[in-house]
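Asks: There's a structure below that I have some questions on.
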Amino acid sequence: MAHKVLIIDDEEGLRLVLMLRLEKMGYEVFQAADGLEGLEIAKKENPDIVVLDIKMPVMNGYETWRRFRAEDRLKKIPILILTCERQSNDRFWGASMAASDFITKPYDESQLVKRIEEMIRESKKKLKK
C-alpha cells in the first residue's frame, strides 16, 4: 500500500513538480491550493504526511497547522513546513511545532523527498509503540 502525501501550497508549479517526483517513487499524492481545501482532503484521505506552505490565500499555514492539531483524526499526522519565510520568528515558530520540520524555499528536491521519507518512517514507528 502506497504512503499518502498531501501537498498544501498555493504555487501550482511547485505542487505539480513535487507530485510527479513523489508519484514516480510510488507515493499516492493529493494536493490543495489553500489550507481549507487541504483540511477537507486530509479528512477524506488520511495522509501519512502533509507538506504545508505558510503564505497562502483563504487560510494560511499557521492556521492550517492549528486546525490539524485540533482535530483528533488529524493531530498525529506529521507536517513538513515548506516556505520561503526566512524571518527568525517564522523559523522559530516552524521549528517549535510538535512533530514537524521546517524547510525553506528554494529547496533541494532530493533532500526534501528524503526528509518526507524519514518523517513517514518516524511517524510509523511512533504509531507502533
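Every read-out reported here was derived from the displayed coordinates using simple, explicitly stated rules and does not represent laboratory data. None of these values were measured; they are calculated from a predicted model. Using ideal geometry, Cβ is built from the backbone for each residue, glycine included, and neighbour counts are taken over all protein chains shown.
Asks: Give me the net charge for the shell around ASP101: Cβ to Cβ below 11 angstrom, other residues only, Lys and Arg +1, Asp and Glu -1.
Replies: Here the count lands on -1.
Asks: Then there is this: Using a Gaussian network model on the chain with a 10 Å cutoff between Cα atoms, which of PRO78, PRO57, PRO47 fluctuates the most?
Replies: PRO57
Asks: Using a Förster radius of 30 Å, what is the FRET efficiency between THR104 and LYS24 based on their Cβ-Cβ separation? Nearest 0.05, please.
Replies: For THR104 and LYS24, the calculated efficiency is 0.80.
Asks: Would you please calculate the Kirkwood hydrodynamic radius of the chain over all C-alpha pairs and express it in Å, rounded to one decimal?
Replies: Result for the chain, one decimal place: 14.5 Å.
Asks: Right, here's the next one. So what's the back-of-envelope 222 nm ellipticity for the chain, counting only DSSP H runs of four-plus at -39500 (n - 2.57) apiece and dividing by all residues, rounded to 500?
Replies: About -15500 deg cm²/dmol.
Asks: Run the simple label-point estimate for LYS55 and GLU117 please: 7 Å along Cα→C-beta, distance reported in nm.
Replies: 3.1
Asks: Right, something else. For Cα pairs less than 8 Å apart in space and 6+ apart in sequence, what is the mean separation divided by the residue count of the chain, i.e. the relative contact order in percent?
Replies: 21
Asks: With +1 on each Lys and Arg Cβ and -1 on each Asp and Glu Cβ, and nothing else charged, work out how big the dipole of the stretch 4-128 is about its Cα centre, in Debye to the nearest 20.
Replies: For this selection, approximately 660 debye.
Asks: What is the set of long-range amide H partners of PHE102 at a cut-off below 5 Å, with H atoms built 1.01 Å from backbone N?
Replies: Excluding prolines and chain starts, which carry no amide H, the hits are ILE81.
Asks: Related question: Out of MET25, MET59, MET119, any idea which swings most in a Gaussian network model of the chain, alpha carbons joined below 10 Å?
Replies: Answer for the Gaussian network model of the chain: MET25.
Asks: Pull up all non-local amide H partners of MET59: gap of 5 or more, or a different chain, and H-to-H distance under 5 Å with H placed in the peptide plane.
Replies: Close amide H contacts, sequence-distant or interchain: GLY35, LEU36.
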